[in-house]
Each structure stands twice: as structure tokens, then as C-alpha cells.
Amino acid sequence: MLINDDKYIRIIESIKKEISNAQYKATLSVNRELIMLYHTIGSIINQNKSWGNKFIENLANDIKLEYPNSKGYSVRNLKYMAKFAAEYPDIEFVQTVSAQIPWSHNCAIMDKVKDFESRKWYINKVIENGWSHSVLIHQIESGLYERQAIAEKISNFENRLPAPQSELALQTMKDPYIFDFVPFKEDMLERDIEQALVKDITSLLLELGTGFAFLGNQYHINVGGDDFYIDLLFYNINLRSYIVIELKTGDFRPEYAGQLNFYLSAVDGILKKDTDNPSIGLLLCKSKNNLVAEYSLKDMSKPIGISEYKITKSLPEEFEKQLPSVDDIQKRIKK
């Protein structure tokens, strides 16, 4: 017989949480031991690298003979271990940072990221966000470190938000945003881009970052009997703020910031609860003059960030020019 009692339910939830925490710690512990083992093996290989590639080939064969059911000791993986040990000689860094993520993630970062600081940043982001291997690859290939960690970001967050929230909001912001999942068309309108973003909301949320919940596009608000429509409205659970996003297909203009400032005032007045932090605006333009953008935000009362966005063509322009057009192909077929 099931017990339908609030106290019992709370007890069960508490036990479930403890089990989940223990399972996570056990998984993390196993992973840490594996990473440390790979680092040790890699160090031994490096100490005997004068023997050449034959040493690694023989080692792989001998391990397979001794442990036929063990995986992860191929020639390729042993070379990764040697590279891992050579490029991360600081054992404390390996124990406290690298060992917190799966081996496949470590290999991907070694392959695709050359600078130590950016490697460390990606490792910490994997720990923070729980990225899968494919998501990690996507973030690296889209240049997330350059767009988020070291980009010159234009905002007034520091002056319009309290210290902890302003820093977190700035860390969340990117410049540019990459909407490579949006089908490219010449002379796209804001509504075309917006609809494409909403159509693939999973990719949009991945690009925006963690904590974003989608509330709607062309979100209707009524102010004094007049109707207004916000391009994209989100709520960020980490920032505990509504996020208002406005899309512009051309260059940034100062009046865009004024429009967004008005939308933020309306959202704060109509939607924001006492427990919410001030709403944040993000203006996404095809291009911007940084100095003009900075001056435009100087006296705005609401927290606003301004970034560019990129929509990647299916083919680079230089390749596109070399290919025949549809008309050319049709003419050749007729001939």
C-alpha cells in the first residue's frame, strides 16, 4: 500500500536526492581515477619516447593480451595519453580541473584548443554546464571563448545592475551571436530571422547559454491601451530576470536603444515580480559602431547590452561565385 502523506513524500524526495548525489559522486570518482591513470601511463610513455612508435604499438598489444576485455588502450589512445601528460605536467591541475570532465572531452579540447587559458575556460564550462561531447565541439568550433570570455562587450550592466548580477549578465553575453542554424536568404527581414530562431528553439537556447527559458516571440504587452510586441522574451533562472531581445537586420541606431529601454520599463511594470531582478535587454544588430553604441547606452535607465549576430551562408562567398547558377545548369541540360 502506498503512503499518501506529505511528510512521507518529503522523506522519499530527500532519499532520492541523496541517492542521486551519491551516484554522481561515484561516477565522478571513477572518472577521476581513470584520468589520473591515463596521465600516469602517458608520463611513462614520455619517459621512454626514445624507443619510438614501436614502443607504443608493443605496449598496446601487450595490454590487450593481459586485459582482453579492457578498452581504451589502443595505439591512438595511448598517444593521446602521452600528449595529455606532456601538455598538462601540473598534476594538481589534472586532479582538480581536467579530471572533472570525461576523457573524450579532454581529447577534444587538446585537439581543437591550443592556448592553455582557453583550454581551462572550456573545461570549466563543461563542468558548469554539463555539455555533451558534441555540444562541446560545437561551442569550440563557433569560437565561444573569443565571443564570450574575451570579446569587447558593449553594455551598461555595470552601472545599471547590482555587482553580482552585473558580472553574471556580462559573462552570459556574447559578441557576436552565431545563428548558423538559420537558413540564409538575401534581404532577410527581422520577422524572417525571428521565425527561424523560434523554429529551432533548441539551437537558439544552446547559443544563448544556460538558464534561458523561452516565453514567446512577438510577445504582446499593452501599455495605456496601446499594443506593443516584443521580438523575443525569455526568463533566465540564473539571473532571475526577464530577458528582452530585439532583432535588427541593419546597422545599430541610437533610437533602437530607446525603444528597448521602453520595453524593459513595460516588462518591469507589468510582468516583473518583487522576487525578480531588474529585466535585461539585449539588442542584436547585423553590425554596430562600438563608440556610437557606448554613447547610446550612457544615459539609458535600464540595463542593455548590444551585440552583433552572424548568419552563416551554406557556402563561402568565394566558392559560391565559382559554382554555376541554377539558370546555367538548366541551360546546359537543355543543350
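Listing for the model above:
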| quantity | calculated |
| --- | --- |
| Pro164 vs. criteria touching a helix residue (DSSP H, G or I) at 6+ places or on another chain (Cβ under 7 Å) and open to solvent by 10 Å² or more (accessible area, probe 1.4 Å) | no |
| Meets criteria (open to solvent by 50 Å² or more (accessible area, probe 1.4 Å), in a helix (DSSP H, G or I), closer than 25 Å to Trp131 by Cβ and of a type outside the set (S, T, N, Q)) for Lys79 | yes |
| Residue identified as within 19 Å of the chain's Cα centre (by Cα), within 20 Å of Met173 (Cα to Cα), touching a residue at least 24 places away in the same chain (Cβ under 8 Å) and open to solvent by 40 Å² or more (accessible area, probe 1.4 Å) among Leu206, Leu283, Leu239 | Leu206 |
| Residue match in region 129-138 (condition: modelled with pLDDT under 95 and surrounded by 19 or more Cβ atoms within 10 Å (Cβ to Cβ)) | yes |
| Pairs, first under 25 Å from Ala196 (Cβ atoms) in region 247-271, second of a type in the set (Asp, Glu) and open to solvent by 20 Å² or more (accessible area, probe 1.4 Å), C-beta under 8 Å, six or more apart | Leu247/Glu190; Lys248/Glu190; Thr249/Glu190 |
| Test result for Ser142, open to solvent by 50 Å² or more (accessible area, probe 1.4 Å) and not aromatic (Phe, Trp, Tyr) | no |
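Per-residue answers, yes or no, for (1) in contact with a His (Cβ under 9 Å, 6 or more places away or on another chain); (2) open to solvent by 50 Å² or more (accessible area, probe 1.4 Å); (3) not aliphatic (A, V, I, L, M):
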{"residue": "Leu65", "(1), (2), (3)": "no, yes, no"}
{"residue": "Ser74", "(1), (2), (3)": "no, yes, yes"}
{"residue": "Ala86", "(1), (2), (3)": "no, yes, no"}
{"residue": "Val94", "(1), (2), (3)": "yes, no, no"}
{"residue": "Val97", "(1), (2), (3)": "no, no, no"}
{"residue": "Phe116", "(1), (2), (3)": "no, yes, yes"}
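The values are calculated or read from the model by the stated rules, or taken from the named source; none is laboratory data. For clarity, every value in this text was computed on a predicted model and none was experimentally measured. Neighbour counts are summed over all protein chains in view; Cβ atoms, including those assigned to glycine, are modelled from backbone coordinates with ideal geometry. Heavy atoms of the whole protein, side chains included, go into the accessibility calculation; ligands, DNA and RNA do not. Shrake-Rupley method; radii C 1.70, N 1.55, O 1.52, S 1.80 Å.
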